[in-house]
Amino acid sequence: MGRAMNETDGATFSRIGFCLLAATALFFGLFVNGALPGFMVPTTGQAIWTLGFAQSFVNGSSIYATNFGLPNPAAISFGLAGALPVALFLKAGMPPADAYALAFALWLTVAFYGAYRFVRLVGAERGISLVCAVLWLTLPVIWQHSDYSMVSLGMALLPAYFYPALRLVRYECDLSSIVLFFGATLSSVFMDGYSFMMFASGTAVLLLFAFGLGWVGRLELSLKRGPIIVFSFAISYLLYARYIGKSVFAAEDINFFRAFGSNIEFFFVPTRGMLLLPDLLGLSANRDVTAYFGDGSVFNCSFALVLIVAAIYSLATKSADRGLKTALLLVALGGFYMALGPSFKLNVLKPGGDGLLMPPEYAPWRTGTEFLSLYLPGFNNMRASYRWVGLGLFGAWALLALHVASRRVQSGITVGIISVGIALNIPSPAVVTANIDSQRAILDIDRYVEGLRSFFKPTEKVAFLPFRNDFFANYMASKLGIGTYNVGGDKNFAAAIASWPDTMLAFEMGKTGPGFWKKVIWVLAKKDADVVAIPYIDLLWAVHYWPGDRQYFAEMQPYIDAIQSSDLVEVTRTDDFAFIRLKPSIRDLPRRELSALVTKYICKEGVFLARSSPLTFSNDDNVCGNGWSDVEVWGRWTSGKRATLHYKLAPDGERDVLEFDAHGFIGGDVTDQKVEVSINGKKSDQWEFTGQSPRRIERLQLPPGLDTLNLKFIIPNAKSPNDAGVSADTRTLGLGIMAVCLTKADETCLHL
């Protein structure tokens, strides 16, 4: 009996000791990833972006943001699986920085346990499985992606995704395996599209080998396990598409894939300033982001030397499971190969003056993956090609797991490789300090935004102008309980701008110009916004590098002064913003009276149309109205689906004709452009432009006796060149006008 009690006590002590060891290992992994609530946060800018969504989820009790990206509720373009726990922690009263760090820590714990379970699944002992999990969780490809928010978590969770995949494909097909696998596909698609594609690609390889090598009965694979896998991926994707509101995503520019493919040397030599030991030992390389295509993430996140060595070593040693080893080798090779992008690059540098993208002439040796990147759905959206290194690293790590599972006692070489790998994964002091600073920066940003509360009324609609990639707007709007059209994130911006009112579409991203002050007043006059906020700080970079520089202060002062001189508005100036509202007595006017008042002011005495005297639209003084893009050399485009023009005429009673040198936006999938024209509120004509006749002289018969001319153009098929597949221009274009001229009915004034 005493012996039995001693054995029980020994087993209990062993379990407690293992749990303490696991907790210590997890703490180390969280420290490396900068996810220690109350002490560190993995990033600043992306944390603020996510916190904006999470706070809006709380405000609206919804999984859509209702405070920004108006007029429609905004779906978070990626990372819903990460943002939801952040929202729950905010709802519980947790400070924003801690809520974000705790959500990261929660998912990293899942990733750590998933990696441990994967190694155990292939047959390894507890201790070595724990060490392998630490090796995985501390990989630079994970914590270096924290600046891309949930991309980091997607990478970290790969072993946790492949654990149920391998379990279902090769081992058990019970209810728990099915539920786990579906949970993995669902969380992966709502975490990050890159890891979802890696998960799907790797699972396809496992399924192919299972069928070819007969791991289980082929009939069962064909009729049960295979359909479950396909169904899980399909349903998860359909749920994501339903949430986002679209099921097909446009292919990206192949030059982007090429630019963001890894140089081969990035796999083997880390970048200086990222890793502690390589820097101390002089094994890292200085790399200037301006010298390479793509951005710094390409060379910062691609380092894979230790796991490549570990995979080669594992392949060179005997294994009891050659079939699985071959499958994992294919996964690893496929991941690393796809990470190269469409072109092989070895010490390829960017010629001076070239931009972010990489034309093919700078990398003539093709990898052959160009077809996938151009035409295969899913693959053609993975534009940051180097991120496939995550799948390559998983395959290499899984080969190491298979190796340690083949031995009860590990050799000194195996222990040495794993130990060196963990040691080399430790981030540099600068990275650790940055994570600590992120905690402080988010606290400062939160206090700063709270200090702006007195400048707004609850539920006011605010337009931050000129709009940019406005990360800060996410958090400001949600924290203050206001609404805004602005939103941070490329995909979220593209979704929002498609439904913006014409007064907002009249602005160009990041640009001002001579007519800027007029457009600001129109936004308020049309009551599309209650407040226009003109920032002096960049609402993207300020939250990445807080506090933000007042870089736009001098540029914006003349416009703010011009707006204030109108005597139509009230202007409140702060250190970083100017807030503009219509005066209460003016704001309360009926919409038509308000529009007339603003038109009278903006047009001053009005633009006079003299007979036989053409007015060119390349001259800003010749255009009075709303819904027009900025002046170009040839003339002006409408911006949006509606535009107006206001002119003064001599009241001589003649039935004159108004001529327009006009053309429609035709190109890409836009083959025709219809324009409905109204004169002083009455429909007058309809123009149509086609590919065969994109530019024409259009004539409008005017009623006699007019002294004021108000024209309205409705262009239902207006579309941005970006959406039409013509260029990267995101303005909604429909009608372009070069000149207008008043002439007699039996005479002509303009000529093509």
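Readers should treat all values here as calculations from the given coordinates under stated rules, not as data from a laboratory. Bear in mind the structure is a predicted one, so any value in this text is a computation, not a measurement. As a convention, Cβ positions derive from the backbone with ideal geometry for all residues, glycine included, and neighbour counts pool all protein chains shown.
With label points built 7 Å along Cα→Cβ from the Cα atoms of residue 674 and residue 459, find their separation and express it in nm. Rounded to a tenth, the inter-label distance reads 3.8 nm.
Restricting to the chain, what percent of DSSP beta bridges are antiparallel, rounded to 5? Approximately 85 percent, going by the DSSP bridge assignments. Here the alpha carbons of segment 386-536 define both size measures, Rg and Dmax, at 25.1, 77 Å.
Cα gyration tensor of segment 452-594, axes a ≥ b ≥ c as square roots of the eigenvalues: rounded (a/c below 1.5), prolate (a/b > b/c) or oblate? Rounded, since a/c falls under 1.5.
The length gained by stretching the chain between residue 600 and residue 375 to full extension, at 0.36 nm per residue less their Cα-Cα distance, is 75.7 nm. Based on the Cβ-Cβ distance from residue 242 to residue 652, what FRET efficiency comes out when R0 is 56 Å, to the nearest 0.05? The calculated FRET efficiency here is 0.35.
A viscosity of 0.890 mPa s and a temperature of 25 °C, combined with the Kirkwood radius over Cα pairs in Stokes-Einstein, give a translational diffusion coefficient for segment 100-160 of 213 µm²/s.
When each of the peptides 162-168, 291-297, 147-153 is scored by the mean number of other C-beta atoms lying within 10 Å of its residues, the order from highest to lowest reads 147-153, 162-168, 291-297. Inter-label distance, residue 174 to residue 62: 4.3 nm, where each label sits 7 Å from its Cα along the C-beta direction. The helix-based estimate of mean residue ellipticity at 222 nm for the chain, built from -39,500 (n - 2.57) per DSSP H run of four or more residues and divided by its residue count, is -14500 deg cm²/dmol to the nearest 500.
Relative to the longest principal axis of the Cα atoms of the chain, the long axis of helix 126-137 lies at roughly 20 degrees.
Just need the relative contact order of the chain here, percent rounded to a whole number, with Cα pairs under 8 Å and 6+ apart. Rounded, it is 12 percent for the chain. The order of 375, 337, going from fewest to most other C-beta atoms within 10 Å of their C-beta, is 375, 337. With R₀ fixed at 22 Å, the C-beta to C-beta distance from residue 268 to residue 316 puts the FRET efficiency at about 0.75. Considering all C-alpha pairs of the chain, those separated by over 37 Å amount to 49%.
Within the chain, the cysteines lacking any other cysteine Cβ closer than 4.7 Å to their own Cβ are 19, 132, 173, 301.
Using a 7 Å offset from Cα along Cα-Cβ at residue 570, what residues in segment 420-457 end up with backbone N under 16 Å from the label point? Hits in segment 420-457 for residue 570 at 16 Å: 453-457.
The percentage of C-alpha pairs in segment 1-125 whose separation is greater than 21 Å is 54%. Descending by average beta-carbon neighbour count within 10 Å, the peptides 183-191, 419-427 line up as 183-191, 419-427, the highest first.
For residue 343, the residues 5 or more places off, or on other chains, whose built amide H falls under 5 Å of its own are 367. Simple spin-label model, 7 Å along Cα-to-Cβ: residue 633 to residue 751 in nm? Taking the simple label geometry, residue 633 and residue 751 are separated by 2.3 nm.
Compared with the direct C-alpha span, the chain from residue 688 to residue 701 gains 3.0 nm at full extension, assuming 0.36 nm per residue.
Computed from phi, the 3J(HN,Hα) profile of segment 191-206 under the Karplus parametrisation 6.51, -1.76, 1.60 (θ = phi - 60°) reads 9, 6, x, 5, 5, 4, 5, 5, 4, 5, 5, x, 5, 4, 5, 4 Hz, with x in place of Gly and Pro. Longer than 22 Å from Cα to Cα, which of 648/683; 491/712; 461/583; 518/600; 246/712; 457/526 are they? Say none if no pair is. Going by Cα-Cα distance, 491/712; 246/712 fall outside the 22 Å limit.
For segment 687-752, state which GluC sites (Glu not before Pro) are in a DSSP loop and have at most 13 other beta carbons lying within 10 Å of their beta carbon. Sparse-neighbourhood loop GluC sites (Glu not before Pro): 747.
Here the gap between residue 23 and residue 333, fully extended at 0.36 nm per residue and compared with their Cα-Cα distance, gives a gain of 108.3 nm.
Label segment 220-360 by shape, choosing from rounded, prolate and oblate, from the square roots a ≥ b ≥ c of the eigenvalues of the Cα gyration tensor; if a/c is under 1.5 it is rounded, and otherwise prolate applies when a/b is larger than b/c, oblate when it is not. Note, shape of segment 220-360 comes out oblate.
A quarter of the convex hull surface defined by the alpha-carbon atoms of segment 268-425 gives 10.7 nm² as the mean projection. Per residue, the convex hull around the alpha carbon atoms of segment 115-251 comes to 121 Å³. Rounded to the nearest 20, the Cβ-based charge dipole of the chain about its Cα centre (Lys and Arg +1, Asp and Glu -1) stands at 2060 debye.
Stokes-Einstein, applied to the Kirkwood radius of segment 190-247 over Cα pairs at a viscosity of 0.692 mPa s and 37 °C, places its translational diffusion at 262 µm² s⁻¹. Segment 566-583 and segment 585-602 have Cα centres spaced 17 Å apart. Sorted on the mean count of surrounding Cβ atoms within 10 Å across their residues, most packed first, peptides 131-140, 109-118 read 131-140, 109-118. With R₀ fixed at 30 Å, the C-beta to C-beta distance from residue 608 to residue 585 puts the FRET efficiency at about 0.50.
Evaluated at q = 0.21, 0.24 Å⁻¹, a Debye calculation over the C-alpha positions of segment 44-83 (equal weights, vacuum) places log10 I(q)/I(0) at -0.56, -0.72. Extent along the principal axes, Cα only, for segment 583-642: 40, 27, 17 Å, with the longest axis given first.
Under the combined filter of DSSP loop state and at most 15 neighbouring Cβ atoms within 10 Å, segment 377-476 retains these trypsin sites (Lys or Arg not before Pro): 408.
Every Cα-Cα pair in segment 604-743 was counted, and those over 19 Å apart are 49% of them. In whole Å, what is the distance between the alpha-carbon centres of segment 131-187 and segment 282-340? Here the answer is 18 Å between Cα centres. The 3J(HN,Hα) values that the Karplus relation (6.51, -1.76, 1.60; θ = phi - 60°) gives for segment 264-277 are, in residue order, 4, 5, 5, 5, 10, 10, x, 8, 4, x, 9, 10, 4, 5 Hz. Gly and Pro appear as x.
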